[in-house]
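Here's the structure we're looking at; comments come further down.
The values are calculated or read from the model by the stated rules, or taken from the named source; none is laboratory data. Keep in mind that this is a model prediction, so the values were computed, not measured. Glycine gets a Cβ as well: all are built from the backbone with ideal geometry, and neighbour counts include every protein chain shown. All accessible areas refer to the heavy atoms of the entire protein, side chains included, with ligands and DNA or RNA removed. Shrake-Rupley method; radii C 1.70, N 1.55, O 1.52, S 1.80 Å.
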Amino acid sequence: MFYSLTGKIVYSDITRVAIECSGIAFDVTTSVNTLRKLGNIGDVATVYTYLAVREDGVELFGFYDNEELSYFKMLISVSGVGPKAALSILSALTPDMLALSITAGDVKSITKAQGVGPKIAQRIVIELKDKVSKLVPQKIGVEKLSPAEVITAGGNSDEAVSALMALGYTNSEAVRALSSLDGTLPVEELIKQGLRNLSRR
């Protein structure tokens, strides 16, 4: 019904934003990652939307870009994963990091999202692995991370350590997970194998 909304931000809090379009303010529930990117009250913003119709009401969800919206739709397609859990996951992980976690079978990273336990995280991995593996970026490097997430630089191993730390692991955990790997491997392969090592601990 709605593809996107573009208008002035008139209200926002930690879970939603109100966007005024032609005199009507739409209450949109969204992720922390989207809220960080949209701007401040008074700014003009665009969100890509999903309208959820349930027996107890209607709720509009919005995201900064179509990529995050696509992952939201995939997550709620998993048995037992509702919109609230999907938003929690997308608030804890960017789409790129979620994709890497799923393809590597890294349940631990997904359970960092509030309210998401190991069983649900495992189900997400099982049901979405094949689908998400086709969407994983060919190369995830430091350019994909925010400046605050870039801890080290120089060399594939350093980039992989930074990516693992962005997922919430400590520097020592990331270094140990990568220590047995060939540092000349592509960054995305180091991240995947590092996540596998971490999931076994």
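If I ask for residues that are under 20 Å from GLN193 (Cα atoms) and free of Cβ contacts under 8 Å to residues at least 24 places away in the same chain, which ones from the stretch 88-117 would you list?
Hits for the stretch 88-117 are ILE110, THR111.
Looking at the stretch 40-63, can you tell me whether even one residue there is part of a loop (DSSP other than H, G, I, E, B) and under 19 Å from the mean Cα position of the chain (by Cα)?
no
Among the listed residues VAL28, VAL53, which satisfies the condition of being more than 20 Å from ALA99 (Cβ to Cβ) and modelled with pLDDT of 95 or more?
VAL28
Looking only at the stretch 9-62, count every residue that is under 14 Å from LYS84 (Cα atoms), of a type in the set (D, E, K, R) and surrounded by 10 or more Cβ atoms within 10 Å (Cβ to Cβ) and tell me the total.
Of the residues in the stretch 9-62, 2 are under 14 Å from LYS84 (Cα atoms), of a type in the set (D, E, K, R) and surrounded by 10 or more Cβ atoms within 10 Å (Cβ to Cβ).
Quick check, is ILE102 farther than 24 Å from TYR11 by Cα, open to solvent by less than 20 Å² (accessible area, probe 1.4 Å) and either part of a helix (DSSP H, G or I) or out of contact with any Pro (no Cβ under 7 Å at 6 or more places or on another chain) (or both)?
Yes: the conditions hold for ILE102.
Looking at the stretch 11-39 only, could you name the residues that are outside any strand (DSSP E or B), farther than 23 Å from ALA113 by Cβ and touching a strand residue (DSSP E or B) at 6+ places or on another chain (Cβ under 6 Å)?
Within the stretch 11-39, GLY39 is the sole residue that qualifies.
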